[in-house]
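Structure first, then comments.
The values are calculated or read from the model by the stated rules, or taken from the named source; none is laboratory data. Predicted model only: the values in this text are computed from it and were never measured. Quick reminder, even Gly has a Cβ in these numbers, built from the backbone with ideal geometry, and neighbours come from all protein chains shown. To get the accessible areas, we keep the full protein, side chains included, count just its heavy atoms, and leave off ligands, DNA and RNA. Shrake-Rupley method; radii C 1.70, N 1.55, O 1.52, S 1.80 Å.
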Amino acid sequence: MQPPAPVPMPPAATEKAVAGELHPPRAGVASLDNATGHQNMQQLIQLRWFAVVGQVVTILVVHYGFGIRLPLDQMLLVLTCLALFNGVSLLRSRNPRRVTNGELFLALLVDVATLTAQLYLSGGATNPFVFLYLLQVILGAVLLKAWSTWTIVAITAICFAGLALFSRPLPLPLDHDRGLWSPYVQGMLVCFALNAALLVVFITRISRNLRARDARLADLRQRASEEEHIVRMGLLASGAAHELGTPLATLAVILGDWRRLPHFSSDPELLTEVAEMELQIQRCKSIVSGILLSAGETRGESSEETTVSTFLADLVDEWRATRPVEDFEYDNRFGDDLPMVSDSALKQMICNVLDNALEASPHWLRLEAAHDADALTITVTDAGPGFLPAILKEFGKPYQSSKNRPGGGLGLFLVANVARTLGGRVAAQNRPEGGAVVTITLPLAAIVLEEEDEEALEQAIAAGGSKKP
């Protein structure tokens, strides 16, 4: 049977929203700082290579182009030492160990020392390139802690004063009145342009690294807030389930007594109503048991080995039997079956997606399971009105719903967080022809069993334990 004619979609219907990340790194604040430190170290290394090449060109132009005699051997020796230090820094940057503030501070000190040596050999404080000290100070202000930055400021000031006292000036004529034709003014112009260009390029890159770190930190805080929200909901549901257990058991006992009373047993209509009440109480008890099961409080009693295809087939049969769907298509394209442990959280996650799709499209639904690389992909397609652009924009966040009812919008929020806990992701988008598609992608490593896991599960079940491999 073909799906019914879908409802026309708004212009933004092809937008796609993704919650979670497949195989996400378990990154905390420390690892984010580590990544940012490595990126900043890489920026300093690139800047240092630029400085080596730039100084070689400048020294040769001044020595041979302007005819100003410079101690080439000594200046090239300083550049060789700087290049060797940069090579060591490059090897260090490939080490995953955290880049500390002290290492960045040392790197900037080496840059200040080599600049001071070059200036000492080429005119000292009278060299127009003395203002390159400002570049080191600004980099320190961006990269280092406050005490390190002020130390760089003090050291560069001392170096400037030392150059003014002990270095030998360049034999440059004092012809500032010639404007741009003065070699000194030309040197200052080149120094200014170099400082400005390097600051724009590298400060922009470093700022981008810091902004990316702040964005990842904000994402971590958001995730922690969502997980805390889920914990509170779980505690509330678990507490309510425990509280409901006793009155439900009492009602079951009372109804059992009523069934044996003469005026109930002699009245078929009353007896039918008592049976219906017992059935509904049993259903309530099953719901309570399911809540406790999802909270992990009875997992040891329900853990059983199954396979991916069997798990999905049982889920589909149970869902189809208990929901008023008119036409439901199930297409299993998983291929070679794999062992897994039945998991109530995974089951509830898929059922939540199906329930949401059923509300939007009660006449037709489709569920497809596929094996994509090392992941299980579950796709739910409906022929409803699709997601509103505002819902797609905030997809995966709590209380984002178009149903306008208190507490709405938690279903897909829980789906996204269960998927993220398993290392997967959930994507939602509208179909161009109408309707919506929700795709759950889960890494197989998070749900299937290896051989040793199967043996551990069998031992745990045989012993009546509750440990899940």
Look at the stretch 330-341 and say how many of its residues are farther than 18 Å from Arg320 by Cβ, surrounded by fewer than 18 Cβ atoms within 10 Å (Cβ to Cβ) and without any contact (Cβ under 8 Å) to a residue 60 or more places away in the chain.
-> 4
Residue satisfying condition, being at pLDDT 80 or above, out of contact with any Asp or Glu (no Cβ under 6 Å at 6 or more places or on another chain) and not acidic (Asp, Glu), within set Ala373, Ala383, Ala345, Ala357 = Ala383
Could you tell me whether any residue of the stretch 84-94 is more than 26 Å from Lys145 (Cβ to Cβ), among the small types (Gly, Ala, Ser) and in a helix (DSSP H, G or I)?
-> yes
Residues in the stretch 414-424: is at least one closer than 26 Å to Phe334 by Cα, buried (at least 16 other Cβ atoms within 10 Å of the Cβ), at pLDDT 85 or above and in contact with a strand residue (DSSP E or B) (Cβ under 9 Å, 6 or more places away or on another chain)?
-> yes
Among the candidates Leu165, Leu106, which residue alone is open to solvent by 70 Å² or more (accessible area, probe 1.4 Å), within 22 Å of Val52 (Cα to Cα) and at pLDDT 85 or above?
-> Leu106
Condition set closer than 29 Å to Leu367 by Cα, exposed (fewer than 15 other Cβ atoms within 10 Å of the Cβ) and of a type in the set (Gly, Ala, Ser), scope the stretch 260-301, selection modelled with the highest pLDDT: answer is Ser286
Please work out which one of (1) in contact with a helix residue (DSSP H, G or I) (Cβ under 8 Å, 6 or more places away or on another chain); (2) modelled with pLDDT under 85; (3) open to solvent by 30 Å² or more (accessible area, probe 1.4 Å) is the condition Gly411 fails and give its number.
-> (3)
Evaluate the following for Ala462: is it outside any loop (DSSP other than H, G, I, E, B), open to solvent by 40 Å² or more (accessible area, probe 1.4 Å) and either modelled with pLDDT under 85 or in contact with a His (Cβ under 6 Å, 6 or more places away or on another chain) (or both)?
-> yes
Which of the residues that make up the stretch 109-140 are in a helix (DSSP H, G or I), open to solvent by less than 20 Å² (accessible area, probe 1.4 Å) and small (Gly, Ala, Ser)?
-> Gly124, Gly140
If Gln39 satisfies every condition in (1) surrounded by fewer than 18 Cβ atoms within 10 Å (Cβ to Cβ); (2) farther than 27 Å from Ala161 by Cβ but one, which is the exception?
-> (1)
